[in-house]
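Presented below is the structure to which this report refers.
Derivation of every value follows stated rules applied to the coordinates shown; laboratory data play no part. Small disclaimer: the values here were computed from a predicted structure and weren't measured. Cβ: placed from backbone, ideal geometry, glycine included. Neighbour counts: every protein chain shown.
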Amino acid sequence: PTQGKCVVGDAMGGGGCLESRRRAGRAGEFFFRALRDRAGGPRAGAGGLRATKTTRREAATVAIALAEAALDLVVASCCEVAGRPKGSDGGKNVVASLLPQPVSENADSARIVLQEGEDALSVGDYRKAVVCFTKVLELAPSEYKLCQRALLKRTEANRLLGNDKAAGEDFRQQWLWGRGLRWPGHYAIIYILLRRGLVQGGEKRAEAGERGVP
């Protein structure tokens, strides 16, 4: 009897049973969608969003670390170029001159002249000492240790002569060259920067994976 009434209703244009079925279908679809979302939909979406944000944050950290390390290397190169004696590049371009250089052919002669300058300084012949230390810089400008010692001693000799301006220039040159590419502090800084950006980021990801955090 109920089925008959539905058919009659549909035939007369009432459409009562058809509308009821549509409403029931929409209600069921809404119910199952709610169950599906509650079971994992929103959490999965939030987890993916967190993972995306974490990846972007790690990429930014790595990029910043690489930029800071490159900046420190540029600073070291600038100090090297500004502080080294003239002629130490051997006629090469700036980049090539920053690479390790072979031992100077005049290194032995420069050592002898350096010793002569130190002997003159010890007996109070400051002018001769300045001349000797300057000659060391001219003979072997690429020999770091010899030239740094010559600059140090020439600074001392100029101060004893009362030439504070020349002594100050020698001190600044020695300090700049000492903060160039040979200064270990630059590489310690670069190591710390890269470790913070690369190694520690990987350690954090591993710890998060062990805890089950996406």
- Given 55-65, 157-167, 139-149, the highest-first ranking by average Cβ count within 10 Å works out to 139-149, 157-167, 55-65
- The local net charge around GLU169, scoring Lys/Arg +1 and Asp/Glu -1 for residues other than GLU169 whose Cβ lies under 15 Å from its Cβ, equals +4
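At 0.36 nm per residue, and after removing the present C-alpha to C-alpha distance, how many nm does the segment from ARG196 to VAL95 gain when stretched out fully? Mind showing how you got there, number by number?
Values: separation 101, 0.36 × 101 = 36.36 nm, distance 2.83 nm.
Residue separation times 0.36 nm, minus the Cα-Cα distance, leaves 33.5 nm.
Tell me the net charge near GLY185. Cut-off is 15 Å between Cβ atoms, GLY185 excluded, with +1 for each Lys or Arg and -1 for each Asp or Glu. Walk me through the intermediate numbers first.
Numbers: positive: ARG179, ARG182; negative: GLU68, ASP72, GLU80.
Charge balance in the 15 Å sphere: -1.
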